[in-house]
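A.B. asks: Below is one structure. I have some questions about it.
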Amino acid sequence: ASSDPAANKGMCNGTEDLKRLENPYTETSQLRVTNMVYKAAYAVAHAFHNALCRKTNAGAPVQCTLQGTPRVSAFSKDGDFVIGGIFSIHYQLYTVIYNYTTKPEPPRCTGSLNSRVLRFLRTMIFAIEEINNSSQLLPGVSLGYQIYDSCIAVPVAAHVAFQLSNGQDPVFLQGGNCSESGVVAAVGDSGSTPSISISRIFRSFSIPLVSPFATCACLSDKQQHPTFFRTIPSDQFQADALAKLVKHFGWTWIGAVRSDSDYGNYGMASFLDAALREGICVEYSEAFYRTDPPSKIQRLADVIRRSTAVVVVAFAASGDMKVLLEELARDPPPPRQWIGSEGWVTDPLLMSFGFCAGAIGVAIQRAVIPGLRNFLLDLSPSDVAASSVLTEFWEDAFNCSLTENAYLNKRVCDGTEDIKRLENPYTETSQLRASNMVYKAVYAIAHAIHNAVCEERNLIPFSLCFFLTSQVFTELKKVNFSKNGYHVSFDDKGDPVAFYELVNWQRNENGVIELVTVGTAIVCCTGEVGILTFSLLQVPVSVCSESCPPGTRKVLRKGKPICCYDCIPCPEGEISNMTDSPDCFLCHDEFWPNPEKEACFPKPVEFLTFDEVLGITLVVFSVSGACLTAAAAAVFFLHRTTPIVRANNSELSFLLLFSLTLCFLCSLTFIGAPSEWSCMLRHTAFGITFVLCISCVLGKTIVVLMAFKATLPGSNAMKWFGPTQQRMTVMFLTLIQVIICIIWLVVSPPFPVKNLTTYKEKIILECALGSAVGFWAVLGYIGLLAVFCFVLAVLARKLPDNFNEAKMITFSMLIFCAVWITFIPAYVSSPGKFTVAVEIFAILASSFGLILCIFAPKCYIILFQPEKNTKKFLMNKN
């Protein structure tokens, strides 16, 4: 129509022809759905024609009348302003299948009367009467009421909502003037699902609906339910509180049942989300409704009986729970801990089911309403007879009939019935919870009407006040008052502050189950739940798997929820120091787990010590060897002038005995905690003393050979290997080893180290070689001298003299080489401190081999066969 550059459209120029347009709008060759609309319009037109254009009504004035039969209210009273009331006095809807042969009747309720709900609606009447008698609130203005039974059914609730919107007048439009007989606000309904339907109808007329019962979180959506308010907290808060309650007792494995309604489905969905955040797992989640077939209720009861979850969370309405508990009562399940929502956990009618003793749940805050009990009990026979609802209540409560022959199986009430002695949910006023919600809802509406009718504090006569339901809706959002110690206000979602009591079903001294408050909880706007106090007599256990103790870790079972797991011991070297640990952790290198694998302790440090059996044994042998060598030296010294001592080169013999003493004593350096100095000393002392020892043995062997050569005619061999040459040879050979050791110590000396690999559970203190080349060079040099000495001794073993020292040297070198050849694999394969023990054993064994083979025979002759210690015997040749 206009040029708009942003829309990329040009100006219409008048040449557009709708007849040439190919569009679904102009497509009339396949008129299918269009024909259905056409026929429907004609059907309605014919119906109007037959209803309005009758010969008997010809020329009648135009007026609109209610097309249906008005619903009869349960309780009603006229007033300047009428407040609607919608309660589920009955729990069943009477259903009739119509076939167009009779006029459909308004849907009606049937079944037994709920005396607890009767108390609720009577509380509404009490609050209205109290307000009408007040001089502070709505002075000079009377409130009326129209209270209906919705039997918690959507068809009935919708019918009631339209009737409350239209009013009771059968003719509601005359001369163009609209009747103003509709309600200004309504209280109800008893369930979330019918409240949703009522709220959707009321929103079009801006009629506020204040519910004392509907807790579905969906009703907080102001786009869908702009005129909805409630005095009871939203299920979102209740779900958070229930999840915290379950978590508080450590229950992680639960069953869940819910009403198959908006209350149950939305509430359970919120609870399951909260439970998931708390780490709670659900074994089963089942929905049911009181009108479901008995087979479905029985199947649900069997699920509860067979389940392994001890705790059952029930987010259900009272009427639904009654049906389920009745089925369970046929065959009571194993002990179950019931967790109840506020919809049923405070219902005294359900406390007759003894197998539910111990049930806990959240409940609306208790209240005290002065004068309510007297009002409830103030029922005269005329009051009862005037109301069909009160008549039904009276007859059910006292099991009698108010009219003769009304019920053949009931006696006629004789006037002795005393309601003050009646024990019934109607007369139970010690636990005023939902009743207080009704009381607060009525007062909230009254305050809104007061603020809408009367400006500020100046009272204006009602005739001067211009009134609309939208004004009441506007004022309801601003309501902020206290009554009987309880605050009433609404947030931007129409919800009150969430405050709950935690209640427990406990048996009293007479065995009767009573509702006992055991704690309180406040849920803030962020969803955080604060449990202020809590006490419970006995807490059962409900877990899929027992908690994994420290020292184990959780392993999830395949295909099971996260709460179902197995406890696996931690692997070697790992610990878990908390319950239900998902993983095990390695200890530090120098720490090792205790047997329970729940803590790391320092590893025991192991090394060859002087106070253990092995160390003491080696010390004894080492000292014994040194003493034996000293004893041999003493014998040689005392008999140094004897032929056998002089013939064996006494200077080399004493030097050999000295070196053997050092060999025995150097083994002591291998015992004890390694240090930098002990590591360097033990290897270098061992290498140098053994080379000195072998050098002396080698010198003695050469002397023997030279001596034999010198006895041959024309030989001067001894001249080239006299005492000086012998000393020089020993010093030279030893000096080479000293140089090797110095190079080793300078380049890469041995050092103490903590061996953490040989044993995982302990630390071995040992000396690292530093340079392996240096270590094997020291051993190799000793081995080279030993082999050379062994070869020379073998060559000299058959010299023709009476005392052949070369033969003894051959045996000693044979033992020496055998010990050190076996030492190499034993040294490499021995673990921990046994490596040191093998090295000490090799030192002691080779040292004992030398002392026993070379000096023991000579000492024996010197001490026990002195007759052989003569030059003649030594020179005698066989």
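A.B. asks: Among the residues of region 84-99, how many are surrounded by 24 or more Cβ atoms within 10 Å (Cβ to Cβ) and polar (S, T, N, Q)?
C.D. replies: The total comes to 1.
A.B. asks: Kindly indicate whether K807 is more than 25 Å from I688 (Cα to Cα) and surrounded by 15 or more Cβ atoms within 10 Å (Cβ to Cβ). Explain how you work it out, then say what you get.
C.D. replies: Numbers: more than 25 Å from I688 (Cα to Cα): yes; surrounded by 15 or more Cβ atoms within 10 Å (Cβ to Cβ): yes.
Yes, satisfied.
A.B. asks: Tell me, which residue of region 224-251 that is under 24 Å from the mean Cα position of the chain (by Cα) and in a loop (DSSP other than H, G, I, E, B) is surrounded by the most Cβ atoms within 10 Å (Cβ to Cβ)?
C.D. replies: Within region 224-251, the match that is surrounded by the most Cβ atoms within 10 Å (Cβ to Cβ) is W251.
A.B. asks: Among L608, L668, L638, which is the only one that is touching a Leu at 6+ places or on another chain (Cβ under 9 Å) and without any contact (Cβ under 8 Å) to a residue 60 or more places away in the chain?
C.D. replies: Every option except L668 fails the conditions.
Table: residues versus (1) modelled with pLDDT of 95 or more; (2) in a strand (DSSP E or B); (3) among the small types (G, A, S); (4) surrounded by 15 or more Cβ atoms within 10 Å (Cβ to Cβ).
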residue: T308; (1), (2), (3), (4): no, no, no, no
residue: G319; (1), (2), (3), (4): no, no, yes, yes
residue: E342; (1), (2), (3), (4): no, no, no, yes
residue: G358; (1), (2), (3), (4): no, no, yes, yes
residue: P370; (1), (2), (3), (4): no, no, no, no
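A.B. asks: Next question, about the same structure. Suppose we keep only residues that are in contact (Cβ under 8 Å) with a residue 12 or more places away in the chain and aromatic (F, W, Y) within region 721-780. Which one would you say is nearest to V697 (Cα to Cα)?
C.D. replies: So the residue we want is F721.
A.B. asks: Go through region 291-339 and give me each residue that's closer than 17 Å to G111 by Cβ and of a type in the set (S, T, Y).
C.D. replies: Passing the criteria: T291, S318.
Conditions tested, residue by residue: (1) without any contact (Cβ under 8 Å) to a residue 24 or more places away in the chain; (2) touching a Ser or Thr at 6+ places or on another chain (Cβ under 9 Å).
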position	(1), (2)
R305	no, no
M321	no, yes
A367	no, yes
N374	yes, no
L377	no, yes
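A.B. asks: Name the residues in region 90-109 that are in contact (Cβ under 8 Å) with a residue 60 or more places away in the chain and not aromatic (F, W, Y), would you? Before the answer, list the steps.
C.D. replies: Within region 90-109, the subset in contact (Cβ under 8 Å) with a residue 60 or more places away in the chain is 90-93.
Scanning region 90-109 gives H90, Q92, L93.
A.B. asks: Looking at (1) surrounded by fewer than 24 Cβ atoms within 10 Å (Cβ to Cβ); (2) over 37 Å from the mean Cα position of the chain (by Cα), find the lone condition where V183 falls short.
C.D. replies: Result: V183 fails condition (1) only.
A.B. asks: Same structure again: Residues of region 130-145 being of a type in the set (D, E) and either in contact with a strand residue (DSSP E or B) (Cβ under 6 Å, 6 or more places away or on another chain) or closer than 18 Å to A186 by Cβ (or both), which ones? Show your work before the answer.
C.D. replies: Initially, region 130-145 is screened for residues of a type in the set (D, E), giving 130.
Result: no residue meets the conditions.
A.B. asks: If you don't mind, another one. Of these, F834, F841, F823, which one is at pLDDT 85 or above and either among the acidic types (D, E) or over 19 Å from K807 (Cβ atoms) (or both)?
C.D. replies: Just one listed residue meets the conditions, F841.
A.B. asks: Here is a further query. Of the conditions (1) closer than 23 Å to T123 by Cα; (2) at pLDDT 90 or above; (3) part of a helix (DSSP H, G or I), G144 satisfies every one except a single condition; which number is it?
C.D. replies: Tallying (1) closer than 23 Å to T123 by Cα; (2) at pLDDT 90 or above; (3) part of a helix (DSSP H, G or I), G144 fails exactly one: (3).
A.B. asks: Does region 600-633 hold any residues that are over 30 Å from F654 (Cβ atoms), surrounded by 17 or more Cβ atoms within 10 Å (Cβ to Cβ) and among the hydrophobic types (A, V, I, L, M, F, W, C), and which are they?
C.D. replies: C600, F607, L608
A.B. asks: Oh, and also: If I254 satisfies all but one of (1) in a strand (DSSP E or B); (2) among the β-branched types (V, I, T); (3) free of Cβ contacts under 8 Å to residues at least 40 places away in the same chain, what's the number of the condition it fails?
C.D. replies: Of the numbered conditions (1) in a strand (DSSP E or B); (2) among the β-branched types (V, I, T); (3) free of Cβ contacts under 8 Å to residues at least 40 places away in the same chain, the odd one out for I254 is (3).
A.B. asks: Of all residues in region 201-223 being of a type in the set (G, A, S) and in a loop (DSSP other than H, G, I, E, B), which is surrounded by the fewest Cβ atoms within 10 Å (Cβ to Cβ)?
C.D. replies: Result: S204.
A.B. asks: For L628, state whether it is in a helix (DSSP H, G or I) and under 15 Å from K833 (Cα atoms).
C.D. replies: no
A.B. asks: Can you find, within region 675-695, the residue that is nearest to F848 (Cα to Cα) among those that are surrounded by fewer than 23 Cβ atoms within 10 Å (Cβ to Cβ) and of a type in the set (G, A, S)?
C.D. replies: Across region 675-695, the extreme among qualifying residues is A685.
A.B. asks: Moving on. Just to be sure I understand, how many residues within region 257-290 are in contact with a strand residue (DSSP E or B) (Cβ under 8 Å, 6 or more places away or on another chain) and either surrounded by fewer than 21 Cβ atoms within 10 Å (Cβ to Cβ) or not in a loop (DSSP other than H, G, I, E, B) (or both)?
C.D. replies: The number of residues fulfilling the criteria is 21.
A.B. asks: Within the bounds of region 296-303, is there any residue that is within 18 Å of the chain's Cα centre (by Cα), on the phi < 0 side of the Ramachandran plot, of a type outside the set (K, R) and crowded, with 19+ Cβ neighbours inside 10 Å? Break it down stepwise before answering.
C.D. replies: Our first condition is that a residue be within 18 Å of the chain's Cα centre (by Cα); within region 296-303, this holds for none.
No, every residue in region 296-303 fails to be within 18 Å of the chain's Cα centre (by Cα), on the phi < 0 side of the Ramachandran plot, of a type outside the set (K, R) and crowded, with 19+ Cβ neighbours inside 10 Å.
A.B. asks: Output the strands (runs of 3 or more DSSP E) that fall wholly within region 521-586 and possess 1 or more residues being over 27 Å from D273 (Cα atoms) and modelled with pLDDT of 80 or more, or say none.
C.D. replies: 552-556, 565-569
A.B. asks: Turning to a different aspect of this structure: Residue check, S829 against (1) closer than 27 Å to R640 by Cα; (2) surrounded by fewer than 19 Cβ atoms within 10 Å (Cβ to Cβ), all met but one. Which one?
C.D. replies: (1)
A.B. asks: Shifting gears a bit: So in region 704-754, with the set limited to residues that are under 19 Å from A793 (Cα atoms) and of a type in the set (S, T, Y), which one is modelled with the highest pLDDT?
C.D. replies: Filtering first and then ranking leaves T729.
A.B. asks: Report yes if A673 is at pLDDT below 85 and over 13 Å from I843 (Cβ atoms), otherwise no.
C.D. replies: For A673, the condition - at pLDDT below 85 and over 13 Å from I843 (Cβ atoms) - is not met.
A.B. asks: On the basis of being modelled with pLDDT of 80 or more, closer than 30 Å to A673 by Cβ, in the same structural domain as K700 (by TED's automatic domain parsing) and surrounded by 17 or more Cβ atoms within 10 Å (Cβ to Cβ), does C767 make the cut?
C.D. replies: Yes: the conditions hold for C767.
The values are calculated or read from the model by the stated rules, or taken from the named source; none is laboratory data. Please read all numbers here as calculations on a predicted model, not as lab measurements. No Cβ is skipped: glycine too gets one built from the backbone with ideal geometry, and neighbour counts run over all protein chains shown.
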